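The values are calculated or read from the model by the stated rules, or taken from the named source; none is laboratory data. As the structure is a computational prediction, the values presented were derived from the model and not from experiment. Here Cβ is always computed from backbone atoms with ideal geometry, including for glycine, and neighbour counts include all displayed protein chains. Surface accessibility is based on the protein's heavy atoms, side chains included, excluding ligands, DNA and RNA. Shrake-Rupley method; radii C 1.70, N 1.55, O 1.52, S 1.80 Å.
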Amino acid sequence: DGSSYPNGGLRACHTAGGYTILDPNSAIFMMDDTIFIPACLISWNGHALDEKTPLLRAEEALSTECSRLLKIMGHTTAGVQQNIGLEQEFFLVPREAYATRADLQLAGRTLLGCGAARGQEMCDHYMGPLNQHALAAIREMQSEAFKLGTPLRPRHREVAPGQYEMAPYFGHAPEQIDQNLVVMQICEEVAGRYGLACLFQEKPFAGINGSGKHNNWSLGTKEGVNLLNADQVTKVTGNKDVFPVIMTAIVAAVDKHGDLMRCAIASPGNDFRLGAMEAPPAIISTYLGTAVTEFLDAYRKGSDATYSPAAHTVKTGCASVDDFEVPIEDRNRTSPFPYGGHRFEFRAV
């Protein structure tokens, strides 16, 4: 019954057919006694009734055009895909306290009340060891996710009191999104076993940080070449023009279609998060860093140099601690869509 799903008025009761079709991009998995089969939901007329089908259609269009561009520049590939890594932040709060707040239960965020007497001013939650009760719950979350093939490697406290973060390995976008949805379900269910409530709303509490799902996004060929890795793509294609052309295309896309990027992340919760505390502003822009910006500026003026920046050396100032190398650019957490070396980080989500 396709007319019963949230569809923006697309489906009426007299044209109600909705059909599921297996999506081979994501693995079939089993939880408890139930087999879950990733699928697309499409109407009798071929209209997408879900959010997965538009993603797959968009990726096919991206693959076609990227492959065409690479062929023009002398490199043939079987296709191009989006690879992403989603950093999942969340709050763990006592379930007894959660049960007393109708606003948290119904809206996902507090609507009334005074601010906490102590917030995140001292960063003591961020820098301290994990609360042992929360750690036990998070370990079980990781274990349950790993059984389904989703390794959530890093786990740590976040800045706000009661806030934590986990993240998987990066992978193909459709599969990663499916896995993230399952991980969120696992976190909510496991938290309940420990007398906790897991909050995924982007801004559940005023005056402290909200929770993001920062999307580390890159483009890669089916053969495993990261198109945002200058050294790798230049070596494989034998054409030093490929990297600056792709970077320029991405910057042009952000400039031309920033409104679509903004719409894609617009929700009541995220609109409260953006522009406050550590979240980037709601106005979409990108930041490439000084080295890439200077390289692209020289490229457009006719330079034939290859982008291959040297690492930056940080001097510790301590005789007993060695100096060490870091990426050429510092990390910009203010931009909604900064280039972080080999990938862009969509921090506005």
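Taking the criterion of being over 16 Å from Glu188 (Cβ atoms) and open to solvent by 90 Å² or more (accessible area, probe 1.4 Å), the residues of region 89-132 that qualify are Glu96, Thr100, Leu111, Leu112, Cys114, Ala117, Arg118, Glu121, Met122, Met127, Pro129, Gln132. Restricting Arg118, Arg95, Arg109, Arg157 to residues that are in contact with a Gly (Cβ under 8 Å, 6 or more places away or on another chain) and farther than 30 Å from Trp217 by Cβ narrows the list to Arg95.
So which of Gly85, Gly74 is part of a strand (DSSP E or B), touching a residue at least 24 places away in the same chain (Cβ under 8 Å) and either open to solvent by 30 Å² or more (accessible area, probe 1.4 Å) or in contact with a helix residue (DSSP H, G or I) (Cβ under 8 Å, 6 or more places away or on another chain) (or both)? Please lay out each step first, then the result.
Values: Gly74 fails: part of a strand (DSSP E or B).
Criteria check complete, one pass: Gly85.
Count of region 288-301 residues, restricted to those that are surrounded by 19 or more Cβ atoms within 10 Å (Cβ to Cβ), of a type outside the set (A, V, I, L, M) and over 10 Å from Pro244 (Cβ atoms), is 1. Within region 174-208, being open to solvent by 50 Å² or more (accessible area, probe 1.4 Å) and either among the acidic types (Asp, Glu) or assigned to a helix (DSSP H, G or I) (or both) holds for Glu175, Ile177, Leu181, Gln185, Glu188, Glu189, Arg193, Glu202. Filtering region 326-345 to residues that are under 19 Å from Ala230 (Cα atoms) and either hydrophobic (A, V, I, L, M, F, W, C) or open to solvent by 40 Å² or more (accessible area, probe 1.4 Å) (or both) leaves Val326, Pro327, Ile328, Glu329, Asp330, Arg331, Phe337, Gly340, His342, Arg343, Phe344.
In the set (1) outside any strand (DSSP E or B); (2) open to solvent by 20 Å² or more (accessible area, probe 1.4 Å); (3) touching a strand residue (DSSP E or B) at 6+ places or on another chain (Cβ under 6 Å), the condition left unmet by Ser211 is number (2). Number of residues in region 284-323 that are assigned to a loop (DSSP other than H, G, I, E, B) and not hydrophobic (A, V, I, L, M, F, W, C) equals 16.
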